[in-house]
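Step one of this worksheet: look at the structure below.
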Amino acid sequence: MMEVEVKVSLTADQADGLPAQLAALGFVPGETVLEEDLYYNAPDRDFRQTDEALRLRRVSGSRKETLLTYKGPKEDVPVKSRPEYETGITDAQTARSILSSLRFSPAGAVTKERRTFLRPPITACLDQVTGLGSFLELEHLVPEAEKQEAAVEGLLELLAALEIPQTALERRSYLEMVQHTGCGEPTAD
């Protein structure tokens, strides 16, 4: 599966007005959850250098689950597109023990409150990220690389309909941003 994503930084006023704007464009409010992400680095390469990500995510709120996600390198397009593979984990502590036994080491942590809005095949996520502020992510998962260009165009058109300029685009991951600010140090569970 290929994740095509547009992420933009929002002002407080933009974040406050976004739910109404999304509703006017046909998006239906979804759930609000807390996501606590612990990122890992491989023993044989530095994922910061290879532009990969391995994440263990704990979700709490309207649903509770733990997910293990691998994201491949970002492609060179105006938005963030990359291969993504994700699976559910029934025992987070065992997953951490497996990763540790394989010499994967914690590389950073990101915590955010995420409000989702749905208009298939697009998911809009209004994120409040600890230490960083408010962001909007527009996500479209496409099964084939050939459909990626159309997904990019659709997301950029949606961004324009929300009156958010492309100058607000952010290609860095939340992990990259928190590492830059120093607010995402991994913690022991």
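The values are calculated or read from the model by the stated rules, or taken from the named source; none is laboratory data. Everything quoted here is computed from the prediction, not taken from an experiment. FYI the Cβ positions are ideal-geometry reconstructions off the backbone, even for glycines, and counts take in every protein chain you see.
The residue of the range 155-182 that is farthest from Val4 (Cα to Cα), among those that are assigned to a loop (DSSP other than H, G, I, E, B) and of a type in the set (Gly, Ala, Ser), is Gly182.
Every residue, every condition in (1) touching a helix residue (DSSP H, G or I) at 6+ places or on another chain (Cβ under 7 Å); (2) farther than 19 Å from Thr123 by Cβ, yes or no:
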{"position": "Met1", "(1), (2)": "no, no"}
{"position": "Glu5", "(1), (2)": "no, no"}
{"position": "Ser9", "(1), (2)": "yes, no"}
{"position": "Ala23", "(1), (2)": "no, no"}
{"position": "Phe27", "(1), (2)": "no, no"}
{"position": "Glu31", "(1), (2)": "no, no"}
{"position": "Asp51", "(1), (2)": "no, yes"}
{"position": "Ser62", "(1), (2)": "no, no"}
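Entry remark, the range 55-71: residues being surrounded by 17 or more Cβ atoms within 10 Å (Cβ to Cβ), farther than 13 Å from Val110 by Cα and not hydroxyl-bearing (Ser, Thr, Tyr) number 3 in total.
Go through the residues of the range 113-124 one by one and say whether even a single one is surrounded by fewer than 18 Cβ atoms within 10 Å (Cβ to Cβ), touching a residue at least 40 places away in the same chain (Cβ under 8 Å) and either part of a loop (DSSP other than H, G, I, E, B) or in contact with a helix residue (DSSP H, G or I) (Cβ under 7 Å, 6 or more places away or on another chain) (or both). No. Of all the numbered requirements in (1) part of a loop (DSSP other than H, G, I, E, B); (2) modelled with pLDDT of 95 or more, Glu35 misses one, and that requirement is (1). Note on the range 132-159: among residues that are at pLDDT 95 or above and among the small types (Gly, Ala, Ser), the one that is surrounded by the fewest Cβ atoms within 10 Å (Cβ to Cβ) is Gly133.
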